[in-house]
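Inspection log for the structure reproduced underneath, given as structure tokens.
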Amino acid sequence: MTIGAVDAFSEAWRRLLGEPPNAAAPPLPAEARARLDELIGSALAHDLLDAGGNDAAASANAIRARQSLLLNRLTRHRQLECLEQLAAAGVEVVAMKGFATAHTLYQDPDLRVTGDLDILVRRAQAATAARLFLERGFRVATDIELSRWGFISEASFLPIVSADGIANIDIHVEPDCYPLHRGLETDAVFAAARAIQVSGLALRIPAPEHGFLIAVSNATKERFSRDTIKSLLDAARLLRRGFDWGDVARRARRARLGRPLAATLSLLVELGLRADLAPPELARLPGALARFELRRILRDVEAMFPHEPGMIEKSRRELLLTAEPETVLYRAWFRLRGLVQPHTGDPRQLLNAS
């Protein structure tokens with residue numbers, strides 16, 4: 001990789017994380033820019049990286065960005081319709097992850113690709129939420145390729161997808177899979193949720209501290225692979241808002257997320273986030289091997305994920321950085337159990353149990 005390319009990647013990450021731009025840095029190499037468009041959407045990539053550009057490449061990026069923005073807008077409005085239907089049915093919901101951050105952390109919510117609509121409901125209302133959509137012609141996304149041990153989340157279910165494929169609903173009964181809900185319970189998320197208005201609809205989203213912990217959980221359970229970049233960008237923006245670090249630290253300790261939290265904060269700082277936004281006592285990595293592994297991850301992330309890490313690489317990341325030992329053992333047990341009796345994650349099971 002040339003010096004110019006290194007400067008381009010560093011500058012791209014500075015802008016992605018919200019740091020002031022450096023106009024002298026070269027643009028991202030075309031291959032890396034194409035990967036970034038795929039990972040975060042052309043609309044957001046164009047908004048963050050193409051300011052002031054007027055060459056042929058910038059014009060092509062602008063066309064793709066416009067198409068991406070329109071698709072994001074269509075998806076978001078369909079998701080709003082789903083939230084309206086839930087409210088009309090009396091289902092209490094906290095809208096999480098992409099939908100929540102799109103409406104609070106980005107200058108235009110349609111810049112942020114939302115993908116699934118992640119909703120947190122109380123367990124007693126999960127069947128009502130699932131039935132609401134299934135009776136309206138939604139289908140369960142059973143075509144998702146599962147691992148040999150089945151669906152691995154005990155906090156949510158397979159997505160429920162509209163007939164036209166535009167709206168994907170991910171029903172959660174816990175904020176995220178093990179171990180997060182040991183320190184961040186559903187009732188706590190509901191109790192601290194913030195109220196926002198979107199197109200005249202009253203909605204609730206997680207408190208900043210809780211949204212940040214959910215982003216950390218998402219990034220580290222995927223072991224900083226390609227699917228984590230949006231969680232990293234959300235986490236960086238939440239850090240700029242400021243919040244109660246005491247609450248974050250207490251919940252991270254209870255959830256056995258101390259090491260994943262340190263890894264996420266350290267990675268963001270290495271990528272260009274202002275160091276004073278991350279408390280040093282929470283960003284301290286546990287030993288030389290963990291720091292060496294972070295450097296490996298940094299090269300991959302900084303270059304816009306040129307490859308998907310293999311099983312050995314993912315296992316090494318998990319053991320050294322993205323999970324506490326107790327969590328590693330729990331996940332291993334969960335997978336072994338799944339080899340004998342795979343968990344389907346099918347939300348239609350909620351209807352049978354209600």
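The values are calculated or read from the model by the stated rules, or taken from the named source; none is laboratory data. Keep in mind that this is a model prediction, so the values were computed, not measured. FYI the Cβ positions are ideal-geometry reconstructions off the backbone, even for glycines, and counts take in every protein chain you see.
Observations on the model:
- For the stretch 99-125, a residue qualifies if it is in a helix (DSSP H, G or I) and more than 27 Å from Glu154 (Cβ to Cβ), and the qualifying residues are Pro109, Asp110, Leu111.
- Counting the residues of the stretch 259-302 that are closer than 12 Å to Ser225 by Cα and of a type in the set (A, V, I, L, M) gives 3.
- Selection status of Glu154, farther than 28 Å from Leu74 by Cα, among the acidic types (Asp, Glu), modelled with pLDDT of 95 or more and surrounded by fewer than 19 Cβ atoms within 10 Å (Cβ to Cβ): no
- In the stretch 127-143, the residues that are in contact (Cβ under 8 Å) with a residue 40 or more places away in the chain and surrounded by fewer than 16 Cβ atoms within 10 Å (Cβ to Cβ): Arg136, Thr142
- Being among the small types (Gly, Ala, Ser), within 26 Å of Ala34 (Cβ to Cβ) and surrounded by fewer than 17 Cβ atoms within 10 Å (Cβ to Cβ) holds for only one residue in Gly310, Gly258, Gly287, Gly272, and it is Gly310.
- Comparison of Pro325, Pro306, Pro342 shows that the only residue that is closer than 20 Å to Arg226 by Cβ and at pLDDT below 95 is Pro306.
- Boolean, Leu203 is under 20 Å from Gly98 (Cα atoms), crowded, with 17+ Cβ neighbours inside 10 Å and in contact (Cβ under 8 Å) with a residue 60 or more places away in the chain: yes
- Residue in the stretch 116-126 that is more than 21 Å from Ala202 (Cβ to Cβ) and loosely packed, with under 14 Cβ neighbours inside 10 Å present: yes
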